[in-house]
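Heads up: the structure comes next, in structure tokens.
Bear in mind these aren't lab numbers, they're just calculated from the coordinates by the rules spelled out. As the structure is a prediction and not an experimental result, all values here were calculated from the model. Positions of Cβ are backbone-derived with ideal geometry, glycine not excepted, and every protein chain shown enters the neighbour counts.
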Amino acid sequence: MKLGICSDHAGFQYKGKLIAALRLEGYEMVDFGTDSEVSMDYTDVAHPLAKAVENGSVDAGIALCGTGNGMAITLNKHRGIRAGLAWSSEIARLVKAHNNANVLVMPARFVPYRTALSMVRVWLGTQFEGGRHQRRIDKMTECL
Ligand code: RB5
């Protein structure tokens, strides 16, 4: 499985650690930046990641910023993206099981790294439940 990942400066450290950990677990990782802790705009990496998920060049995405909200709001401007913000493993499970999130967004300044890694593992290991949840997803874009 090929995963895209991006962060701003606030998520930079977690991004590097996640890339190393997930590569060891067999995932192909595509790093969309940023490449340092120098302050930058999360939008500059969120849009390229969103496009890669939409066009299928990666299978899914992971995004980190301080609160997660800048990333989630930006990513969800893209019609083909369901970016879900998670801050616990149970929310990471539900964001796949119920919302079929194709990008997992995490608030790097508000969760320990081990929680972030656990959330990614749970999200990747959870199946979308479909059924009534698919009906709700279909309604997300019907008025756009
Ligand atoms: C950066 O200071 C911070 O605003 C950013 O990481 C994120 O929390 C925005 O939503």
Six or more apart or on different chains, Cβ under 6 Å: which pairs go from a residue in the stretch 124-141 that's touching a residue at least 12 places away in the same chain (Cβ under 8 Å) and among the charged types (D, E, K, R) to one that's surrounded by 10 or more Cβ atoms within 10 Å (Cβ to Cβ) and not in a helix (DSSP H, G or I)? Could you list them? none
Out of all the residues in the stretch 43-66, which are under 19 Å from residue 119 (Cβ atoms) and within 13 Å of the chain's Cα centre (by Cα)? 46, 49, 53, 58, 59, 60, 61, 62, 63, 64, 65
Restricting attention to the stretch 49-98, the residues that are within 21 Å of residue 128 (Cα to Cα) and β-branched (Val, Ile, Thr) number exactly 6
Is the stretch 84-106 home to any residue that is within 16 Å of the ligand (Cβ to nearest atom), farther than 21 Å from residue 23 by Cβ and surrounded by fewer than 16 Cβ atoms within 10 Å (Cβ to Cβ)? no
Only residues that are assigned to a helix (DSSP H, G or I) and either within 21 Å of residue 17 (Cα to Cα) or among the charged types (D, E, K, R) (or both): list them for the stretch 51-68, please. 51, 54
